[in-house]
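Before any comments, here is the structure.
Computed from the coordinates by the stated procedures, all read-outs in this text should not be read as laboratory data. Fair warning: this is a prediction, and the values are worked out from it, not measured in the lab. Note that each Cβ is placed from the backbone with ideal geometry, even for glycine, and that neighbours are counted across all protein chains shown.
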Amino acid sequence: MTQKIKAGVVGWPIAHSRSPLIHGAWLETFGIEGSYEKLAIEPGTFQARIRKLVAEGYVGVNVTIPHKEAALAIADERDAASLAIGAANTLVFKDGKIWATNTDAFGFTEYLKSKGRDWAGKRALVIGAGGAARAVLFGLRELGLSHVDLANRTVDKARVLATHFATDTFTITPLALSDIAGFLGKADLVVNTTSLGMVSQPPLEISLEGLKPGALVYDLVYVPLETEFLRKAKALGHETLDGLGMLLHQARPGFEAWFGARPQVTEDLRQRIIDDLKEH
Ligand code: ATR
């Protein structure tokens, strides 16, 4: 008898995670004998619980708040993305070893690429300088953009990220949120990486008047799917991208590594998650 392939998502809290729905749908599509569970891991018990999952024959896990840094620390091997971002959201267990990656940047860029534009040499305005911004900066650098204007409430944090991610061909200007207006006219892409605009959070109060015509506006928030920020962008005639696309695409590499099949992000899958978000 073949053994069921076991994977899951670890976090605290974990009840809200949509990852089991995404991976469950793919397991069904491929007819794979596998499972993908929600695993609640209390802070302080991460190391021991992960070692136990390895011993129990799990093939790996997705990792969410608050364990992404601990996930990077526990790994035997780490890829370039997880090292640059400073956090891992995907662990693969193989031959008793733990391999770490961060697929947030991949998810971010794959959804962006699905809109079929060439981003090489282009310029972006990124809002926020937290963990999500780190993944976005890594992704934009990979895509070959030439410059990012990085706006954050705490400018010092934007400065730290600018130093960390900038290269000779990928320059970053840190700035205050209040100075954004002067940079809108130059941006080919605007990204909100903060949680502002998410349900139960204040809105992201930034005017997009004066944004470069044709610029694309991407919000990493996915509850609600259409934030006030995206609604404003649409009203001004800009193409928009929501955080659900990134969430779906970031799940792909883990699934492939654990279950050995290459999954697709389909309109049907997207609708399933939208329906679930409406119910909860
Ligand atoms: P994540 O990992 O989701 O990026 P984070 O690391 O806590 O979360 O970062 C949150 C980001 O949202 C930061 O850029 C934060 O700005 P500060 O660095 O100044 O804290 C931004 N943010 C959160 N609440 C905000 C608010 N009310 N106004 C402006 N920016 C806010």
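Return the FRET efficiency for the residue pair residue 168, residue 94: r is the Cβ-Cβ distance, R0 is 35 Å, and the value is rounded to the nearest 0.05.
0.45
What is the sum of charges, Lys and Arg at +1 and Asp and Glu at -1, for the other residues whose Cβ falls under 12 Å from the Cβ of residue 119?
Numbers: positive: 113, 115, 117, 122, 123, 141; negative: 118, 142, 188.
Once all neighbours under 12 Å are counted, the net charge is +3.
In plain terms, the residue of 280, 67, 249 with the fewest other Cβ atoms within 10 Å comes first and the most crowded comes last, giving 280, 249, 67.
Here the spin labels are modelled as points 7 Å beyond Cα on the Cα-Cβ line, and at residue 45 and residue 262 they lie 4.0 nm apart.
Pairwise inverse Cα distances across region 130-169, averaged and inverted, put the Kirkwood hydrodynamic radius at 10.4 Å. Residues within the reach of a label modelled at residue 271 (point 7 angstrom out along Cα to beta-carbon, backbone nitrogen below 11 Å), restricted to region 7-33: there are none. Relative to its Kirkwood radius, the Cα radius of gyration of the chain gives an Rg/Rh of 0.97.
Quick one: net charge of residue 205's neighbours, Cβ under 12 Å, K/R +1, D/E -1? Walk me through the numbers on the way to the answer.
Values: positive: 153, 232; negative: 228.
My count for the surroundings of residue 205 gives +1.
With neighbour counts taken as other beta-carbon atoms within 10 Å, the residues 141, 153 rank, fewest first, as 153, 141. Along region 225-241 the Karplus relation, 6.51 cos²θ - 1.76 cosθ + 1.60 evaluated at θ = phi - 60°, assigns HN-Hα couplings of 5, 10, 6, 4, 4, 5, 4, 5, 4, 4, 4, 8, x, 8, 6, 10, 9 Hz to successive residues, with x for each Gly and Pro. 3J(HN,Hα) along region 34-51: x, 9, 9, 10, 7, 10, 6, 10, 5, x, x, 10, 4, 3, 5, 5, 5, 4 Hz, from the Karplus curve 6.51 cos²θ - 1.76 cosθ + 1.60 with θ = phi - 60°, whole Hz, x for Gly and Pro.
So, with +1 on the Cβ of K and R and -1 on the Cβ of D and E, and no other charges, what is the size of the charge dipole of region 104-226 about its Cα centre, to the nearest 20 debye? Let's see the in-between values first.
Numbers: 12 positive and 13 negative charges, 39 e Å.
It works out to roughly 180 debye.
Note on region 106-242: percent of Cα-Cα distances in each 10 Å bin, starting at 0 and stopping at the bin with the largest distance, equals 13, 48, 36, 3, 0.
DSSP assigns beta bridges within the chain; of those with both partners inside it, close to 20 percent run antiparallel. What distance in nm separates the two pseudo spin-label positions at residue 156 and residue 65, each 7 Å out from Cα along the beta-carbon direction? Label-label distance for residue 156 and residue 65, simple model: 2.3 nm. Per-residue ellipticity at 222 nm computed for the chain from its helices equals -11000 deg cm²/dmol, with DSSP H segments shorter than 4 residues left out and the rest contributing -39,500 (n - 2.57).
Among the GluC sites (Glu not before Pro) in region 137-215, those located in a DSSP loop and surrounded by at most 13 other Cβ atoms within 10 Å of their own Cβ are 205, 209. Each residue of region 196-206 is assigned a 3J(HN,Hα), and the resulting list reads 5, x, 6, 3, 6, 10, x, x, 7, 8, 10 Hz, derived from the Karplus form 6.51 cos²θ - 1.76 cosθ + 1.60 (θ = phi - 60°), x at Gly and Pro.
What size of dipole, in debye to the nearest 20, comes out for the chain about its Cα centre when the only charges are +1 on Lys and Arg C-beta atoms and -1 on Asp and Glu C-beta atoms? Let's see the in-between values first.
Numbers: 31 positive and 32 negative charges, 54 e Å.
Rounded to the nearest 20 debye, it is 260 debye.
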